[in-house]
1. Over 10 Å intervals from 0, what percent of Cα-Cα pairs in segment 197-279 sits in each interval?
2. With N set to the residue count of segment 172-213, report its C-alpha Rg divided by 2.2 N^0.38 Å to two decimal places.
3. How far apart, in nm, are two points set 7 Å out from the Cα along the Cα-to-Cβ line at residue 73 and at residue 175?
4. What distance in nm lies between label points placed 7 Å from Cα along the C-beta direction at residue 217 and residue 144?
5. Over the chain, what number does the Rg to Rh ratio reach, with both radii from the alpha-carbon atoms and Rh per Kirkwood?
6. Could you let me know the centre-to-centre spacing of segment 53-69 and segment 246-279, using Cα atoms, in angstrom?
7. Residue 48 to residue 268: extension gain in nm, 0.36 nm per residue of separation minus the Cα-Cα distance?
8. Report the rotationally averaged projected area of segment 82-154 based on its alpha-carbon convex hull, in square nanometres.
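Every number in this text was worked out from the coordinates using simple rules, so none of it is lab data. Given the structure is predicted, the values throughout are model-derived calculations rather than measurements. Every residue, glycine as well, gets a Cβ built from its backbone with ideal geometry; the counts of neighbours run over all protein chains shown.
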């Protein structure tokens, strides 16, 4: 069954600001980008190009599995980890990806509930000294579905070793409080968690209180590609150009995403009309 989450743009801006839609592009984006894509990028892209952005967000690994399994048809894939693209490259993996560009990053942080009984300690003490306490509810994503889950588990393992806190290593193996990437913010905001691992971009979009993960330097390394056999390649090219433009970078920067010069793998396989923007 093909999934399609359409972003309605008719009410995205004031009357007269949006151009008449001339086409549409379906983008599969990492779950951490859901709010950014649907509430900001979609409207701005429509104003500039007249095209409609249909966004589907979930864990990058889960998206790749859906692409290779044929349950999602899309034009553009935005992953939070370069390695995910390898699962879609080559004939053995359906030959969905022939090139991709690493174009931005966002650090991993700990978002916390300000009314949690642990909130003051999180603000005044190292994160690793607080999250392993009895009764602390720490949310994270499934590492088998989302690269952020892998980074969270690595951060816990590193802190456990460095600070001699074996209870943190136990947290990295528990299945309690493991949620889909697109649901984790809601669980924290609903008071079901004391804290959770988030990229700065999703924390900023949701206006979460955060503390840095002292002793770690992990984060999302976002990549973008146009999938082979994309049904709307022209609109896909327009979208990638927009996201890499000054306007697109401004939106990213405002939301905790650090844009960088694209680092491209397989540039010769990218659409000709896009190669200049990728250099």
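1. With a bin width of 10 Å, the distribution comes to 14, 41, 29, 14, 2.
2. Scaled against compact globular proteins, the figure is 1.13.
3. Calculated label separation equals 3.5 nm.
4. 3.3
5. Dividing the radius of gyration by the Kirkwood radius yields 0.99.
6. 20
7. 76.5 nm is the gain from fully extending residue 48 to residue 268.
8. 6.8
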